[in-house]
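Student: First the structure, which I've put down as structure tokens, then a few questions once you've had a look.
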There are 2 protein chains.
Amino acid sequence: MTDIGDKSQRGFSGFNPGTEVRSHVKGSAGMAHHTIYDIARLAGVSGKTVSRVLNQEPGVSPLTRARITKLIDQLGYQPHSGARSMRGQRRDCVGVVFTAPPEVVPISNQQIQWMFEELYRIFGMRGKFICFDLNPFESPDGSDYARALWQQRCSGCVIHGPLPIHDQTVHRIHQSGSPYMAMNRLDSLPEICFASPDYEEAAYLSTKFLIDRGHTRIGMLKGWEGYQAGVERWRGYVRALEEAGLPLDEALVRAVTFDAHDIAAATHRLLLDFSTTAIVDCSSTEKAAPLVEGARFAGRAPGKDFEVVVWTYAAQATVLKEACAHVWLPLREAAAEGLALLVQWFDKEREEPFQVLYRPTLYETAPDAALPTPTPIFNTLR
Amino acid sequence: MTDIGDKSQRGFSGFNPGTEVRSHVKGSAGMAHHTIYDIARLAGVSGKTVSRVLNQEPGVSPLTRARITKLIDQLGYQPHSGARSMRGQRRDCVGVVFTAPPEVVPISNQQIQWMFEELYRIFGMRGKFICFDLNPFESPDGSDYARALWQQRCSGCVIHGPLPIHDQTVHRIHQSGSPYMAMNRLDSLPEICFASPDYEEAAYLSTKFLIDRGHTRIGMLKGWEGYQAGVERWRGYVRALEEAGLPLDEALVRAVTFDAHDIAAATHRLLLDFSTTAIVDCSSTEKAAPLVEGARFAGRAPGKDFEVVVWTYAAQATVLKEACAHVWLPLREAAAEGLALLVQWFDKEREEPFQVLYRPTLYETAPDAALPTPTPIFNTLR
DNA sequence: CTGTTAGCGCATTCAC
DNA sequence: GTGAATGCGCTAACAG
């Protein structure tokens, strides 16, 4: 952080704001906000009449309405959201809450970006606010991730991130009757409102594909240990083996985090055993470099002495050139559909939770191969 | 949207929620929220005492405090944010407002992602909420982009996107005394609080670099027409020409949007004139494909019969292999520093607006060239 | 068509 | 140490 005086550098544009910042409004609040009574006084009517205009209620003469509307515009008056939220429940703000700290769910994940686009398209376009609760998980009750909802800062929420197996918060949200949507299923709450790809199916598909290619000892880099999404991966893996009558070696399934070293180490240990001839990378990282790195340490290389199936959340993505197949999890597509339903719930165009489940798709890695469009398995929308 | 009955597909996981979603809380609000008086009654104290505990105020015996704390935890009570916001001004929510509709500022821009990371690091970690106002710009008063602030939904804001030349809203925000930070300067408000790279300097650097390589007719793909950021690009361009004693041909400066066709067309028209031997691409798109496309239509190719300088917001980025140089605008670095100052303002650790300006850096395109670290030109921080 | 009253949940002021 | 009263800005229910 250099000082203001750093003008000697070449090309300084000659603008020195250091001296200009002076007469800024001091301490005491700056301009006070207006209230309906300010407008009412100026318009010579009662507060309630202004309220009626604001809320497009009938019972105001066109002339009065026009006068008030004009005043509102002139003063740039906007009603105090806090005061409004204390009377009936308005639904003009969605919360986005995160179930896990950033070590577990990297905020830099691509998902943030498209999530944002979808939220904009669906909520922003309807004039709603979007409030992110980036919960500080160090706090004592970090496990309750829905502060924004309990504080009635927003009237419903999207639950982003994997659900902890023994999640309590989501039960409470469900019970509260507020509109919400999780991005995962949860065993302990079968009636949960969610939009998600079918992770179990993806694990099953991945494993079966490798079995069909003749592999019998298949490793798995399994993300989300301790979360429902991890359980589902495990189930799909086991189901494929059972169906094929192959033995289950638990050591082949390695729980990994988003940490590159962790993934490299897990891969390394898996591949030191040369009987392991294939790996399903369902770490959710969508980055294959650590896997390749781990393999190299074990003296092995993907596509040469072992085969890999990699998961991806983006259609058409090729996470690892040497992979024999990719499994595409249409998370984004599921979320988009879910959000469209959620906003209806917000706006009381629907009453009930919904469930949207999308089928993952396996595609063999080949340049220019045509890829399928996302397939919803089911949803509860009529 | 397929129906629930779509179970016939292979690999359906056997879980049919359609039948399970039933006994969901109906209409009438679900569980009511608690108030301090609920806690007070259960603890056998008055509301004020609970309030004291909530706000860590003195004047409560340790025993009473413990009893109340326990109740709060058990019931998962959280104070109503709306009610709180009606008494003194709390500062627990930053707004992020957008100055322009998504046609002008694509929401899919990379910036959203790192913006999010920074906001998380700096505001989220302090337990603050982050409220995006994705203003529906179709609405009549779309030009007032700070709804979130006027509604007192949040107590300060980050102004994202380019500032319109005749921006009124930012004046009002400045005047209100609320903490805020723009990501651009503004001629009409020299004392504006901002964090930004120096766009004028970047335009100057780009143009001068090309002049020094012998070019005399240099085209510019200029983003942000009608916005301050566009004006600054123009100024830097003009300054470089003047300094070199070269004539100014206004037709060489083409205002472009983020639309690929637009950029391709502008490039095409620039290059049809074979006396144009260089282009500065400061469209802000960070994508060079449309430029190459436009050139191709004009029968020309970058690096062969004309030279290009491309702007980028990411260090190390090579937007176009054939570019002779890149100009890096340390927008992210400026924003990070600005946000750190803004949060201090929020927390009353500082009183005044600040100004952070970062110097752009030109680097010639070469593999493995070492790149410089960002250089602040000035800020008002001690 | 318009106004009055009351109260949402909390924090401030002052009293005990 | 604690509690009662008051009011923040708004709107639902009721009067006129």
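Student: Based on this model, can you work out whether residue A:164 counts as more than 21 Å from residue B:113 (Cβ to Cβ) and more than 10 Å from every other protein chain (Cβ to nearest Cβ)? Spell out the reasoning first.
Tutor: Details: more than 21 Å from residue B:113 (Cβ to Cβ): yes; more than 10 Å from every other protein chain (Cβ to nearest Cβ): yes.
So residue A:164 fits the description; yes.
Student: Scan region B:94-116 and give yes if some residue there is within 30 Å of residue B:173 (Cβ to Cβ), within 13 Å of DNA strand C (Cβ to nearest atom) and at pLDDT 90 or above, otherwise no.
Tutor: The initial filter retains those residues of region B:94-116 that are within 30 Å of residue B:173 (Cβ to Cβ), namely B:94-116.
After this cut, where a residue has to be within 13 Å of DNA strand C (Cβ to nearest atom) as well, the list is none.
No: region B:94-116 contains no residue that is within 30 Å of residue B:173 (Cβ to Cβ), within 13 Å of DNA strand C (Cβ to nearest atom) and at pLDDT 90 or above.
Student: Considering only residues that are surrounded by fewer than 19 Cβ atoms within 10 Å (Cβ to Cβ) and either within 12 Å of the chain's Cα centre (by Cα) or under 18 Å from residue B:173 (Cβ atoms) (or both), look in region B:119-142 and name the one that is nearest to the other protein chains (Cβ to nearest Cβ). Walk me through how you get there before you give the answer.
Tutor: Narrowing region B:119-142 to residues surrounded by fewer than 19 Cβ atoms within 10 Å (Cβ to Cβ): B:121, B:125-127, B:136-142.
Applying the additional criterion that residues be either within 12 Å of the chain's Cα centre (by Cα) or under 18 Å from residue B:173 (Cβ atoms) (or both) yields B:137, B:141-142.
Numbers: B:137: 10, B:141: 7, B:142: 11 Å.
Among residues in region B:119-142 that are surrounded by fewer than 19 Cβ atoms within 10 Å (Cβ to Cβ) and either within 12 Å of the chain's Cα centre (by Cα) or under 18 Å from residue B:173 (Cβ atoms) (or both), the one nearest to the other protein chains (Cβ to nearest Cβ) is B:141.
Student: Please enumerate the residues belonging to region B:267-277 that are within 32 Å of the chain's Cα centre (by Cα) and surrounded by 24 or more Cβ atoms within 10 Å (Cβ to Cβ).
Tutor: Within region B:267-277, B:267, B:270 meet the criteria.
Student: Select, from A:115, A:183, the only residue that is in contact with a His (Cβ under 9 Å, 6 or more places away or on another chain), more than 10 Å from every other protein chain (Cβ to nearest Cβ), at negative phi and surrounded by 21 or more Cβ atoms within 10 Å (Cβ to Cβ).
Tutor: Of the residues listed, the single one that is in contact with a His (Cβ under 9 Å, 6 or more places away or on another chain), more than 10 Å from every other protein chain (Cβ to nearest Cβ), at negative phi and surrounded by 21 or more Cβ atoms within 10 Å (Cβ to Cβ) is A:183.
Student: Also, quick follow-up: Criterion first (farther than 26 Å from residue B:134 by Cβ and out of contact with any strand residue (DSSP E or B) (no Cβ under 7 Å at 6 or more places or on another chain)) does residue A:108 satisfy it? Write out each step before concluding.
Tutor: Details: farther than 26 Å from residue B:134 by Cβ: no; out of contact with any strand residue (DSSP E or B) (no Cβ under 7 Å at 6 or more places or on another chain): yes.
Against the criterion (farther than 26 Å from residue B:134 by Cβ and out of contact with any strand residue (DSSP E or B) (no Cβ under 7 Å at 6 or more places or on another chain)), residue A:108 does not qualify.
Student: Do we have residue A:299 as modelled with pLDDT of 95 or more, on the phi > 0 side of the Ramachandran plot and either of a type outside the set (Val, Ile, Thr) or in a loop (DSSP other than H, G, I, E, B) (or both) here? Don't jump to the end; show me each part of the working.
Tutor: Numbers: modelled with pLDDT of 95 or more: yes; on the phi > 0 side of the Ramachandran plot: yes; either of a type outside the set (Val, Ile, Thr) or in a loop (DSSP other than H, G, I, E, B) (or both): yes.
Answer is yes for this residue.
Student: Take region A:70-97 and flag every residue that is facing chain B (nearest Cβ under 9 Å), of a type in the set (A, V, I, L, M, F, W, C) and surrounded by fewer than 21 Cβ atoms within 10 Å (Cβ to Cβ).
Tutor: Within region A:70-97, A:83, A:86 qualify.
Student: Considering region B:171-198 alone, what residues qualify as being touching a residue at least 40 places away in the same chain (Cβ under 8 Å) and within 28 Å of residue A:84 (Cβ to Cβ)? I'd like the intermediate steps shown before the answer.
Tutor: Kept after step one, since they are touching a residue at least 40 places away in the same chain (Cβ under 8 Å), are these residues of region B:171-198: B:174, B:179-181, B:183-187, B:191-198.
Listed by number, the residues that qualify are B:174, B:179, B:180, B:181.
Student: Which of the following residues is of a type outside the set (Phe, Trp, Tyr), within 16 Å of DNA strand D (Cβ to nearest atom) and within 30 Å of residue A:107 (Cβ to Cβ): B:46, B:85, B:108? Steps first, answer last, please.
Tutor: Working: B:46 fails: within 30 Å of residue A:107 (Cβ to Cβ); B:108 fails: within 16 Å of DNA strand D (Cβ to nearest atom).
None of the others qualify; the one that does is B:85.
Student: Identify the single condition in (1) of a type in the set (Ser, Thr, Tyr); (2) facing another protein chain (nearest Cβ under 10 Å); (3) surrounded by fewer than 16 Cβ atoms within 10 Å (Cβ to Cβ) that residue B:61 does not satisfy, given that it satisfies every other one.
Tutor: All conditions are met except number (2).
Student: I've got another one for you. Please enumerate the residues belonging to region A:278-313 that are surrounded by 17 or more Cβ atoms within 10 Å (Cβ to Cβ) and under 23 Å from residue A:196 (Cβ atoms).
Tutor: A:280, A:281, A:282, A:283, A:284, A:285, A:286, A:309, A:310, A:311, A:312, A:313, listed by residue number.
Student: Just the residues that are surrounded by fewer than 24 Cβ atoms within 10 Å (Cβ to Cβ), more than 10 Å from chain B (Cβ to nearest Cβ) and either at pLDDT below 95 or over 22 Å from the mean Cα position of the chain (by Cα) (or both), please, taken from region A:186-209.
Tutor: Result: A:209, single match.
Student: Take residue B:112 and tell me if it is in contact (Cβ under 8 Å) with a residue 24 or more places away in the chain and under 24 Å from residue B:358 (Cβ atoms). Even if it seems obvious, please write down each step before you answer.
Tutor: Working: in contact (Cβ under 8 Å) with a residue 24 or more places away in the chain: no; under 24 Å from residue B:358 (Cβ atoms): yes.
Spelling it out, it is not the case that residue B:112 is in contact (Cβ under 8 Å) with a residue 24 or more places away in the chain and under 24 Å from residue B:358 (Cβ atoms).
Student: (1) more than 8 Å from every other protein chain (Cβ to nearest Cβ); (2) closer than 21 Å to residue A:80 by Cβ; (3) in a helix (DSSP H, G or I): which one isn't true of residue B:154, the others all being true?
Tutor: Only one criterion in (1) more than 8 Å from every other protein chain (Cβ to nearest Cβ); (2) closer than 21 Å to residue A:80 by Cβ; (3) in a helix (DSSP H, G or I) is unmet by residue B:154, namely (3).
The values are calculated or read from the model by the stated rules, or taken from the named source; none is laboratory data. All values reported here derive from a predicted model rather than from experimental measurement. Here Cβ is always computed from backbone atoms with ideal geometry, including for glycine, and neighbour counts include all displayed protein chains.
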